[in-house]
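I have placed the structure first, in the form of structure tokens, so that the comments after it can refer back to it.
The values are calculated or read from the model by the stated rules, or taken from the named source; none is laboratory data. Predicted model only: the values in this text are computed from it and were never measured. Cβ: placed from backbone, ideal geometry, glycine included. Neighbour counts: every protein chain shown. Protein only, heavy atoms only, side chains kept; ligands, DNA and RNA dropped before computing areas. Shrake-Rupley method; radii C 1.70, N 1.55, O 1.52, S 1.80 Å.
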Amino acid sequence: MTLLAHALSAARSTVPPESTQQAIGYPTLFLLVLIGALVPVVPTGALVSSAAVVAVHQTAPFALALVFVTASLAAFCGDAALYALGRHGMGSKNGSRWLEAIRARAPEERLSRAQARLAEHGVAVLVLSRLVPAGRIPIMLACLLAQWPLRTFARGNLPACLAWAVTYQLIGILGGSLFPRPWQGVVAAVAVALLISGAPALWRRLRG
């Protein structure tokens, strides 16, 4: 029993304190969400939900607020950078690989619908584009084709990123509250986030 107690004590001592976890976790979350905005293959929603689960189980009073600020700021910066790169590609003779990447993820049918919604609702449609899975890129490309300046796009994209961060953080808070262990909440939150993000693609595949 003494050996077992020492082993458990040693295992607990290897877990980094909350201050260390936060010092590493928030910059990592910012970087991953930023990369996910620039390269739309990283499941950023699942990352935010997982971070919210961990924050629920921490004792720091502002852990959830920091997750929200970090995620929304990273998403906003990533979207703005991708849009600026797209505008640069629109203005250059040979285009750019970023513009080609945006076009590749926005089929003509979805792009036409995005252009129609953008013409009808204007800046407000950016909020829904962030909340609807796979809706961000077609709307962004529609804004590029409409030659929106970066300032106009950023003004509509800011509330979109805030609403997106709140939505996926609520999923993580729910998962963290329902399960006693953080890893259980993370698994549940990631599963729900991936299900939400993958549902449209699965539906289109089934229809096809």
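Taken together, Leu126, Leu158, Leu162, Leu144 contain a single residue that is in contact (Cβ under 8 Å) with a residue 24 or more places away in the chain, in a helix (DSSP H, G or I), touching a helix residue (DSSP H, G or I) at 6+ places or on another chain (Cβ under 8 Å) and more than 30 Å from Phe62 (Cβ to Cβ), which is Leu144. Scan segment 132-146 and give yes if some residue there is closer than 19 Å to Leu195 by Cβ and either among the acidic types (Asp, Glu) or out of contact with any Ser or Thr (no Cβ under 7 Å at 6 or more places or on another chain) (or both), otherwise no. There is at least one residue in segment 132-146 that is closer than 19 Å to Leu195 by Cβ and either among the acidic types (Asp, Glu) or out of contact with any Ser or Thr (no Cβ under 7 Å at 6 or more places or on another chain) (or both). Kindly evaluate Arg136 against the criterion of being touching a Lys or Arg at 6+ places or on another chain (Cβ under 9 Å), charged (D, E, K, R) and either open to solvent by 20 Å² or more (accessible area, probe 1.4 Å) or modelled with pLDDT under 70 (or both). When the stated conditions are applied, Arg136 passes them. Residues in segment 17-46 that are open to solvent by 60 Å² or more (accessible area, probe 1.4 Å) and over 20 Å from Tyr83 (Cβ atoms) were compared, and the one that is modelled with the lowest pLDDT is Pro17.
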